[in-house]
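Worksheet: the structure to be examined is printed underneath.
The values are calculated or read from the model by the stated rules, or taken from the named source; none is laboratory data. What you are looking at is a predicted structure, and each value in this text was computed from that prediction instead of being measured. Ideal geometry is used to build each Cβ from the backbone, glycine not excepted, and the neighbour counts take in all protein chains shown.
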Amino acid sequence: MTVFIFIGSLLGLMALGMPVAFALIGCGITMMYFMGMTDPQIVIQNMWDGANSFPLLAVPFFMLAGEFMNAGGMTRRIITMAMAWVGHIRGGLGYVAVVAAVIMASLSGSAVADTAALASVLVPMMRKARYDINRSCGLISCGGIIAPVIPPSIGLILYGVTGGVSITKLFIAGIVPGVLMGLSIMLAWHWCTQHDDMTVEPKKSLPERWAETKDAAWALVLPVVIVGGLKIGWFTPTEAAVVAAAYSLFAGLFIFREIKPKDLFRLFLRGAETTGVIMFLVSAAGVSAWLITAADIPSQLADMVSPFMGNTMLMTFVLMVLVLIVGTALDMTPTILIMTPVLMPVLKQAGIDPIYFGVLFIMNNAIGLVTPPVGTVLNVVCGVARIPMSGAIRGVVPFMIAQTIVMFLLVVFPQIVMGPLKWM
């Protein structure tokens, strides 16, 4: 009964138009009333405890890093470099979008920021080259959602903090799945554009390619520094976020000189606004997480899925389908914050590695960012490209299917995810 009270109150409040953070608090209060333990101090204390976590300091610094990268010219240089190397291939701008998306994902963990930056540069070029604009926007959307999977990922940080899982191990395990997501949409793009009439960009000479690569070198070094530093143990994920922010600010101010001192307040303000939204959600989810534990909802869920407990692969498949359905209705951050405390005890009981599941869980949530009706990333692309949502939905389908296939292949072959952890 408690499970239905939890789900019903949360969905009911959201259906009334209440913001997710307030719906989480309202859901918690409803559960307290049902359990006969109504106490305002529980709400305040758990909201404080939910946000009072040292690893969560990585969130504002990675947000700042993303702002500095976009304003400082790193993003534009990455796209220009990708254009120099693969822009001359038939459908080359699509491959540029994917290559740039993978590189940008390794610099910033924000799908929305990466997608907006890619779309603002590439959509006008694709229109001019007579690309199918709906399909192009679908590709850019699915390229943007690689960001929550490849480190540094804000989604993996939130999952790690909420579930008590090593963020460093999650970062290392997310590299190969993120690259596979990119390769899958490249293959889908090749298949979809075989017979399209489109303009092919002129081929750059080798010296021109190396010149563009050299210009983007400062951006390309950063992911190596972050992943290498985490692997060697030079810094924690939180400290890596500070390094990323300081590095990108230094490059924007003194190397590329595209960030002016007068721009700093605006960039810090935008980073703070985005961080404030995420942290309020985290704080509100602290109330629900405590009450989920107090009501023993994980045990009730475990009883519901007990027929699958004997088969780890089948259990993982069932949970992935469940998360995929939830992801169509909820945005990524609330899904992570709501479902992680519910699923973690079930994972332990079923013998599923929380690192492995965490990477698939974040992949699943990332795909939810391009599925209607919520589809946050899809909405961003529609806004930048000025196309109707119906067109973007048609365009994104083949790429979304390709990434979903990759996710379920990783359910069958877990060693692809867990293999890189042998480096540590």
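Screening 139, 170, 187 for residues that are within 16 Å of residue 370 (Cβ to Cβ) and either free of Cβ contacts under 8 Å to residues at least 24 places away in the same chain or hydrophobic (A, V, I, L, M, F, W, C) (or both) leaves exactly one candidate, 139. Screening residue 418 with (1) assigned to a helix (DSSP H, G or I); (2) surrounded by 19 or more Cβ atoms within 10 Å (Cβ to Cβ); (3) in contact with a helix residue (DSSP H, G or I) (Cβ under 6 Å, 6 or more places away or on another chain) gives one miss only, at (2). Of the residues 139, 122, which single one is modelled with pLDDT of 95 or more and more than 11 Å from the chain's Cα centre (by Cα)? So the residue among 139, 122 that is modelled with pLDDT of 95 or more and more than 11 Å from the chain's Cα centre (by Cα) is 139. Only one entry of 404, 376 meets the criterion of being β-branched (Val, Ile, Thr) and modelled with pLDDT under 95, and that entry is 376.
The residue that is farthest from residue 71 (Cα to Cα), counting only those in region 221-238 that are without any contact (Cβ under 8 Å) to a residue 12 or more places away in the chain and not in a helix (DSSP H, G or I), is 233. Of the helices (runs of 4 or more DSSP H) lying entirely inside region 239-343, the ones with 1 or more residues being over 30 Å from residue 7 (Cβ atoms), charged (D, E, K, R) and without any contact (Cβ under 8 Å) to a residue 60 or more places away in the chain are found at 264-294.
So which residues in region 346-402 are of a type in the set (D, E, K, R) and farther than 29 Å from residue 418 by Cα?
Once the filter is applied, which keeps residues that are of a type in the set (D, E, K, R) and farther than 29 Å from residue 418 by Cα, region 346-402 yields 386, 394.
Any residue at all in region 113-123 that's more than 30 Å from residue 195 (Cα to Cα) and out of contact with any Phe, Trp or Tyr (no Cβ under 7 Å at 6 or more places or on another chain)? There is at least one residue in region 113-123 that is more than 30 Å from residue 195 (Cα to Cα) and out of contact with any Phe, Trp or Tyr (no Cβ under 7 Å at 6 or more places or on another chain).
Among residues of region 196-220 that are touching a residue at least 60 places away in the same chain (Cβ under 8 Å) and surrounded by 12 or more Cβ atoms within 10 Å (Cβ to Cβ), those with a beta-carbon under 6 Å from a residue that is basic (Lys, Arg) and in a helix (DSSP H, G or I) at least six positions away or on a different chain give the pairs 215/77; 216/77; 219/77. Just one of the listed residues (10, 57, 64) is in a helix (DSSP H, G or I) and over 30 Å from residue 240 (Cβ atoms), namely 10. Looking at region 16-49, which of the residues that are over 11 Å from residue 284 (Cα atoms) and aromatic (Phe, Trp, Tyr) is surrounded by the fewest Cβ atoms within 10 Å (Cβ to Cβ)? Here the residue is 33.
Of the residues that make up region 348-363, is at least one on the phi < 0 side of the Ramachandran plot, surrounded by fewer than 24 Cβ atoms within 10 Å (Cβ to Cβ) and free of Cβ contacts under 8 Å to residues at least 40 places away in the same chain? For region 348-363, residues on the phi < 0 side of the Ramachandran plot, surrounded by fewer than 24 Cβ atoms within 10 Å (Cβ to Cβ) and free of Cβ contacts under 8 Å to residues at least 40 places away in the same chain: present.
From the list 250, 235, the one residue that fits, being at pLDDT 90 or above and either over 22 Å from residue 148 (Cα atoms) or surrounded by fewer than 17 Cβ atoms within 10 Å (Cβ to Cβ) (or both), is 250.
Scanning region 186-203 for residues that are under 15 Å from residue 131 (Cα atoms), in contact with a His (Cβ under 8 Å, 6 or more places away or on another chain) and either among the basic types (Lys, Arg) or assigned to a helix (DSSP H, G or I) (or both) yields no hits at all.
Take residue 149 and tell me if it is closer than 12 Å to residue 363 by Cβ, at pLDDT 95 or above, part of a loop (DSSP other than H, G, I, E, B) and out of contact with any strand residue (DSSP E or B) (no Cβ under 8 Å at 6 or more places or on another chain). Yes: the conditions hold for residue 149. One residue stands out in region 365-379 among those that are buried (at least 24 other Cβ atoms within 10 Å of the Cβ) and not hydrophobic (A, V, I, L, M, F, W, C): the one that is nearest to residue 394 (Cα to Cα), namely 368.
Going through 44, 29 one at a time, which residue ends up being part of a helix (DSSP H, G or I) and under 23 Å from residue 274 (Cα atoms)? It is 44. Here is a check on your reading of the model: is residue 123 touching a Pro at 6+ places or on another chain (Cβ under 6 Å) and either closer than 30 Å to residue 348 by Cα or buried (at least 18 other Cβ atoms within 10 Å of the Cβ) (or both)? Spelling it out, it is not the case that residue 123 is touching a Pro at 6+ places or on another chain (Cβ under 6 Å) and either closer than 30 Å to residue 348 by Cα or buried (at least 18 other Cβ atoms within 10 Å of the Cβ) (or both). Restricting attention to region 280-331, the residues being surrounded by 16 or more Cβ atoms within 10 Å (Cβ to Cβ), more than 21 Å from residue 364 (Cα to Cα) and hydroxyl-bearing (Ser, Thr, Tyr) number 2.
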